[in-house]
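*Asks:* Attaching a single structure in structure tokens format; questions to follow.
The values are calculated or read from the model by the stated rules, or taken from the named source; none is laboratory data. Keep in mind it's a predicted model, so treat the numbers as computed, not measured. FYI the Cβ positions are ideal-geometry reconstructions off the backbone, even for glycines, and counts take in every protein chain you see.
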Amino acid sequence: MKERSVVISPSILAADFSDIQSALDLISSLGLDYVHLDVMDGNFVPNLTFGFKFIKDMRKHSDLVFDAHLMIENPERYIKEFAAAGCDIITVHKEAARHLNRVINMIREEGKEAGVAINPATSVLEIENVLSIVDYVMVMSVNPGFGGQSFIAESLKKIKALNEIRKREGYEFRIMVDGGVNASNHHAIVEAGADILVIGEAFFKSEDPEKFIEEIES
Ligand code: DX5
Ligand code: ZN
């Protein structure tokens with residue numbers, strides 16, 4: 001993988017699902033390594049997308065790092081299936097998992113990287129007890145469910161707080177930020193301590209995705 005200052009994980013939620021191959025090819029052609037897969041169950045969030053069958057099919061046509069964001073209630077029911085489908089990173093919501101420690105361990109036992117996501121209204125303190133066992137913390141900077149929403153500025157404080165805890169405790173998790181990230185706010189987000197930026201509409205709806213990525217990475 002190419003050494004990068006910040007990792008961009010484009011979210012295919014903003015792409016054309018009927019031509020997903022073009023979206024995957026676009027991401028690869030720009031030299032990016034990650035693709036963000038938003039799985040929604042119409043219960044935890046008020047929207048539906050796709051499940052592990054779709055991911056399994058994409059896996060045959062892409063070598064990208066599959067970064068799956070499970071916006072589903074009781075994610076422990078399907079960890080094995082998402083792992084078998086070829087996800088590399090599986091992120092679950094703190095708010096959706098009754099036994100968060102157990103589900104994180106399940107992901108790791110499948111040999112996958114584990115992430116925990118927190119909604120805008122959830123405090124960093126609520127995941128303090130799993131910070132030593134996760135590979136990623138995903139700060140949701142919009143209420144999950146839809147692409148194209150505005151970044152909630154309060155999220156910057158949470159990113160900073162996580163960065164401080166990480167330094168203080170010597171933890172190794174990476175900070176992912178998801179929702180409303182664009183060319184005007186990415187600098188402040190990275191400065192606050194983010195390592196991975198999930199970008200949906202700003203990337204796929206950009207007139208020149210290549211230029212957009214250059215701008216973010218510069
Ligand atoms: C929202 C999803 C996001 C979404 C981000 O629930 O988790 O990953 O695709 O899209 P933008 O960048 O358009 O806010
Ligand atoms: Zn997402």
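*Asks:* Mind checking which residues of the stretch 34-73 are small (G, A, S) and touching a Cys at 6+ places or on another chain (Cβ under 6 Å)?
*Replies:* Residue satisfying the conditions is A68 alone.
*Asks:* Take the stretch 101-118 and flag every residue that is away from ligand 1 (no atom under 16 Å from the Cβ) and among the β-branched types (V, I, T).
*Replies:* V103, I104, I107
*Asks:* Please find, within the stretch 175-204, the residue that is nearest to ligand 2 (Cβ to nearest atom) out of those that are free of Cβ contacts under 8 Å to residues at least 40 places away in the same chain and in contact with a Gly (Cβ under 9 Å, 6 or more places away or on another chain).
*Replies:* That would be G179.
*Asks:* Let me confirm something: among L26, L30, which residue is in contact with a helix residue (DSSP H, G or I) (Cβ under 6 Å, 6 or more places away or on another chain) and over 29 Å from A96 (Cα atoms)?
*Replies:* The match here is L30.
*Asks:* Among the numbered criteria (1) in contact with a helix residue (DSSP H, G or I) (Cβ under 6 Å, 6 or more places away or on another chain); (2) within 13 Å of ligand 2 (Cβ to nearest atom); (3) touching a residue at least 60 places away in the same chain (Cβ under 8 Å), which one does V35 miss?
*Replies:* (3)
*Asks:* What is the residue count in the stretch 68-99 for residues that are within 16 Å of F173 (Cα to Cα) and touching a Lys or Arg at 6+ places or on another chain (Cβ under 9 Å)?
*Replies:* 3
*Asks:* Looking for something more than 16 Å from ligand 2 (Cβ to nearest atom), of a type in the set (K, R), under 15 Å from L70 (Cβ atoms) and surrounded by 19 or more Cβ atoms within 10 Å (Cβ to Cβ) - is there at least one such residue anywhere in the stretch 95-110?
*Replies:* No, the conditions are met nowhere in the stretch 95-110.
*Asks:* Also, I was wondering about something else. Checking the condition modelled with pLDDT of 95 or more, of a type outside the set (D, E) and under 17 Å from the mean Cα position of the chain (by Cα), which residue from I55, I20 passes?
*Replies:* That would be I55, the only listed residue that is modelled with pLDDT of 95 or more, of a type outside the set (D, E) and under 17 Å from the mean Cα position of the chain (by Cα).
The rows are residues; the columns are (1) within 17 Å of the chain's Cα centre (by Cα); (2) modelled with pLDDT of 95 or more; (3) not hydrophobic (A, V, I, L, M, F, W, C).
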site: I90; (1), (2), (3): yes, yes, no
site: E95; (1), (2), (3): yes, yes, yes
site: P120; (1), (2), (3): yes, yes, yes
site: E128; (1), (2), (3): no, yes, yes
site: D135; (1), (2), (3): yes, yes, yes
site: S150; (1), (2), (3): yes, yes, yes
